[in-house]
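Trainee: Below is one structure. I have some questions about it.
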Amino acid sequence: MSQSNKVQPTIYIIGAGLAGTMIAHEIRKKGIFGCVAAFLDDDPQKIGSKIDGIPILGPIQDVARLIRVEARDELLIAIPSIKAERLREIYAIVKDAGFTTIKLLPGISQIVDGNAHLVQAREINPQDLLGRTPIKISLKSSLAYLRGKRVLITGAGGSIGSELARQLLSGGAERLYLFGHGENSIYQIDKELRLLQEEGVGDKATIVPIVGELKDRSYMRYILSKLRCDAVFHTAAYKHVPLMEANPVAVIENNVFGTKNLLDACMENGVKRFVLISTDKAVNPVSIYGVSKMLNEKMVLNAAARMQETSGTDGYAYMFVRFGNVLGSRGSIFPLFVEQVKKGGPVTVTSPDMIRFFMTIPEACSLVLQTGGVGVNGQSYLLDMGEPVNILETARQLIRYMGYEPDKDIPIEIIGVRPGERLEEPLLSETEYTEPTNYPKILRLQSREQFAAPELEKLLTQLYPVCCFTGEGQHYRDKEYLIELLCNACTSLREALHFEKGEVEIV
């Protein structure tokens, strides 16, 4: 059956504002996505009027249940400024009304360039309903520092990297380099960005996909010399904690020496701005992954100090931004919970006492991009994560939002804390404190502890032959030796693993 002969859906748009009007106009102009039957809105001054012949009905709670919903009907929520609480209310109303296809226009579509596009609408998911109301950031102004620049994103196919790329699309950058070692994930984000551009989203930046390997030192020096990039956002990392506990050499090789290769190449080739994405797991780390990110933070500060010594204050800014969990990232608990619910359960929770800080991916990325512009060389930054949430209660909420009753329809199973995990993830160590900045949700991270670059270099020197073959091979891929080195260097890891300090002389 041809596209023109298919039965097109009837579309209802919640929100008769600018975004909803733009979407309705686009649907009518293209004529292949369906027909807009009505706007639903709560504004008494709009109810009863029409926009381009489309009636505005309301209030939403009253009229939604009067609609005779057919299986093919779709509902689109087009209120970019909607608060999380109101989104949950509207979702419950339209679900009760019988809508099964419910789409959402993410707030970022308005925040970036003031234009809403149908291509940005996507199916609503539980993360949208469980998150807090994100702070509004005018990315058009906060990304001004990248206008006309060449920007490299490592891990561009991942959850954080791909969202950074979407937002940077409207930042006026001359080129966007999408770097990653996963062929398919780079292909997917490259294809998505090009589609967004075709549909009028963002500026006409040149998009350059690059499949490469951070662990290849020679390659990183070569590619950075060719790209001539002005800014790097480093998101690439192995980050699945229990998996990395079973593969400790791999995580140090990739996260630590991959980052070192990137940093060295950036400094060698005059990259002015470097932003490392860090994590709360770097605070008093109890996992190999956490130690790798702690070392990353120290490496960036070390690089910043070296740039200061060699280049002074000539526009260089090397920094890291630390934050907690993000809702919906690949491999995180929310996609896992959704998969478990769809299979009928059980939903597995490690402990009834486990709590985490959460932020939506778009909000975290907006704040990271803003920090990249206002951050100072050698400074550290922490995103304000709000209040922590209980994972068990969050699992129960998610089950309810998916239309089931926890412990009745979908069982919840407590499976115990896994290797490398802890019940709470602190955002600060005992020697750290925060200071406010002029920007909401961005805190300056200060430490009372002196940074010791020689000790870091000594540890890296000892770790290198474990991860990279040097010809002798005495400790090559020796994970017990590697763990001994890390435990002797990191008290919190040693205590977590109940490791007895060995005879290896290190930091």
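Taken together, the values in this text are just the output of simple stated rules run on the coordinates, not laboratory data. This one's a predicted model, so the numbers in the text were calculated from it and none came from an experiment. Glycine gets a Cβ as well: all are built from the backbone with ideal geometry, and neighbour counts include every protein chain shown.
Trainee: Starting from the Cα of K30, draw a straight line to each of the lysines and keep only those under 20 Å, dropping any in the same chain fewer than 8 residues away.
Mentor: Within reach: K6, K103.
Trainee: A further question on this structure: Mean residue ellipticity at 222 nm from the helices of the chain, using -39,500 (n - 2.57) per DSSP H segment of n ≥ 4 over the full residue count, to the nearest 500 deg cm²/dmol? Display every interim value, and only then the final one.
Mentor: Values: 19 runs with 197 residues, N = 507.
Using -39500 (n - 2.57) per qualifying helix, the result is -11500 deg cm²/dmol.
Trainee: How many nm separate the modelled label positions at Q308 and A453, each set 7 Å beyond the Cα in the direction of the Cβ?
Mentor: 1.0 nm
Trainee: Now a separate question. Given the C-alpha centroids of the range 39-78 and the range 149-183, what is the distance between them in whole angstrom?
Mentor: With the range 39-78 and the range 149-183 each reduced to a Cα centre, they are spaced 38 Å.
Trainee: Let me ask you something else. If the chain between Y476 and S351 were fully stretched, how many nm would it gain, using 0.36 nm times the residue separation less the Cα-Cα distance? Before the final figure, lay out each step's value.
Mentor: Values: separation 125, 0.36 × 125 = 45.00 nm, distance 3.68 nm.
Fully extending the segment from Y476 to S351 adds 41.3 nm.
Trainee: Which whole-angstrom value gives the distance between the alpha carbon centres of the range 262-315 and the range 375-426?
Mentor: The range 262-315 and the range 375-426 have Cα centres spaced 28 Å from each other.
Trainee: Given a Förster distance of 56 Å, report the FRET efficiency between V374 and C35 from their Cβ-Cβ distance, rounded to the nearest 0.05.
Mentor: Values: r = 46 Å, r/R0 = 0.82.
The pair V374/C35 has a calculated efficiency of 0.75.
Trainee: Above 43 Å lies some portion of the pair distances; for the chain, what is it as a whole percent of all C-alpha pairs?
Mentor: On the way: 27251 of 128271 pairs.
That fraction is 21 percent.
Trainee: As a test, work out the antiparallel percent of DSSP beta bridges whose residues both lie in the chain, rounded to the nearest 5. Write out the running numbers ahead of the final one.
Mentor: On the way: 15 of 66 bridges.
Roughly 25 percent of the beta bridges in the chain run antiparallel, per DSSP.
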